[in-house]
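One structure is given below, encoded as structure tokens.
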Amino acid sequence: MRDSKSGVLAFLLTMIVATAITWVIGLLDIQFKSEATLAFDKGFPGELSDWVPAGDPDNITLSADSIRIDRNTGERSYAMRTFELPPKEQLLNRKLRVRGKILTISRATPIEKERIAAYMIWFLDKDQEALKYLTVQPLTGDFPEYRAERIVSIPDNARFFVTTLINRDSDGAFELIDANVTLVSGTLLYTLISTAMFALWITLLIMAIWWLIRRGNFGLGLSISALLVLTLVGVLLPESATTQYVLPAYQKLAAALSLERSEPLNIIYKAGHFLFFFAVALLLMLNRRTLNLSATLILVFMLVFAVATEGLQLHLFNRSTRLLDLGIDLAGAVMAWLLVMVLQVLFSHKKTTATTPHTG
């Protein structure tokens, strides 16, 4: 990347184009081809006797063409149906595409974001013990209709999966009127395009780090490189490591500090989003004169990078793209900018006071 201002702007434009490409590829339905329908291939909801209600039965209504769940009492309510997965050798490099159409009958009031209704998929082992819980679509009632879809990796030791409509601590009512679970595999076209896309982003990051080292100093480039590596490790961290190390550590910390422990990973990931963008923006802001970058341009770079990272998560099956995360990213960058501005004002005031001669 050239040292001139035009070079910086050209690099920014390249990032914007790469971000647009990343989102377009992620949103196009070219990633997967259907292998087989595993659930509701004979119509939805199928035999009503196959559904298992739990909680308060008065909250669950099963009909010939829908599953409805209310929250009329204090008990949680579930409507579940279990399906067997194909043999393990048929699941290699394949995933599940879970879809559903849900209507809002009555909106939850008030909405507690971490304790809401949801359409979920659960994975079970050979003894039908739960291995993994995944939310396909949270249901707050903000929309009259939800078209849920999520593609999920199948755990190695999973032998069954469960589709579940659950009302946790929400007082809303929702009706699942369609559902489908399909075994899918990646396409060659997407493999080629996504490989080129990730290669482009790696090249852009290497160029940015090299430019920072040349224009700033080795320590600045090394610091931001370390933050990027730590973030990458966090994104790609195997679930086994999360279960064995991250969760127990968080639970001990939560117990010591009397923190809410219902959504530990959610809290960890959100904190990671904020801290990464705060730290990177802070380093750039503190070195903006050396880098010859304005605070506004740094914030624009951080905005584009935040949008890009959320777009890249469209291509990672253990991550989800959320506007909330984008807001947290930007909040971290803006907080760093505010901190630097405040420190600059305080330093300027202190310097002025020290150099002003006293009269009298």
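What is the packing order of peptides 331-341, 216-226, taking the mean over residues of other C-beta atoms within 10 Å and listing the highest first?
Highest-to-lowest ranking by the protection proxy: 331-341, 216-226.
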Listed residues Thr163, Met120, Val184: farthest to the positive end of the dipole of segment 33-185 (Cβ charges): Val184
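Over segment 33-185, what is the relative contact order in percent, taking alpha-carbon pairs closer than 8 angstrom and at least six residues apart?
On the way: 397 pairs, mean separation 57.7, N = 153.
The value is 38 percent.
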Largest-first ellipsoid semi-axes for segment 33-185, taking √(5λ) over the Cα gyration tensor eigenvalues, angstrom: 26, 15, 15
Under 5 Å, built H, 5+ apart or other chain: amide partners of Val52: Met80, Arg81
Sequence-distant residues sharing a close amide H with Val136 (under 5 Å, placed H): Tyr119, Met120, Ile121
Distant-in-sequence amide H partners of Ile154 (H built 1.01 Å from N, under 5 Å): Leu96
Cα-based Lys proximity count in segment 33-185, under 25 Å, for pairs eight or more positions apart or on separate chains: 16
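Relative to the Cα centre, what is the charge dipole magnitude of segment 33-185, using +1 at the beta carbon of each Lys and Arg, -1 at the beta carbon of each Asp and Glu, and rounding to the nearest 20 debye? Display every interim value, and only then the final one.
On the way: 21 positive and 24 negative charges, 116 e Å.
Here segment 33-185 has a charge dipole of around 560 debye.
Just so you know, all these numbers are worked out from the coordinates, no wet-lab data involved. These numbers were taken from a predicted model, which means no experiment stands behind them. Note that we place each Cβ from the backbone using ideal geometry, even for glycine, and neighbour counts take in every protein chain shown.
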